[in-house]
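Throughout, read-outs are computed from the coordinates displayed, never taken from laboratory work. These numbers come from a predicted model, not from an experiment.
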Amino acid sequence: MVCTVKDMVKWDRFLSEGGLGIGTWNLSEVIREPGNLSDATPLEYSYGLQVNEYKGRKTIYHGGSLFGSDTFYLKFIDDDLSVIIFSNLEMFGCNNLA
């Protein structure tokens with residue numbers, strides 16, 4: 001996937017504010033909840049996002065590298081604080097910086 005900083009800001013606002021859903025079902029809430037395997041083993045993964053905690057704060061994050069670039073997205077859910085890092089160097093290690 002290729003996106004711009006503007007695209008990432010829109011994605012971040014969507015995760016904070018929601019706005020896409022039907023009735024009481026809201027996609028931005030669903031994708032922040034971790035899934036389970038068929039035997040009910042909990043996962044730290046939800047629809048392409050890692051769901052975890054850092055120093056007691058609930059986080060979602062995702063990163064990757066492709067075609068000479070590296071990116072990382074980290075959101076502290078309860079604090080509405082996000083870190084978005086873009087690099088034009090594939091081996092930059094954005095996840096370590098975040």
Item checked: Straight-distance crosslink candidates among lysines, where the alpha carbon sits under 22 Å from Lys6 and sequence neighbours closer than 8 are dropped -> Lys75
Next item on the list: Using only Cα atoms, find the angle between the long axis of helix 5-17 and the longest principal axis of the chain, and express it within 0 to 90 degrees, rounded to the nearest 10.
Entry: 20
Checklist line | [x] 19.9; [y] 14.5; [z] 15.5, with the label sought being that of the calculated Kirkwood radius over Cα pairs in Å | finding: [y]
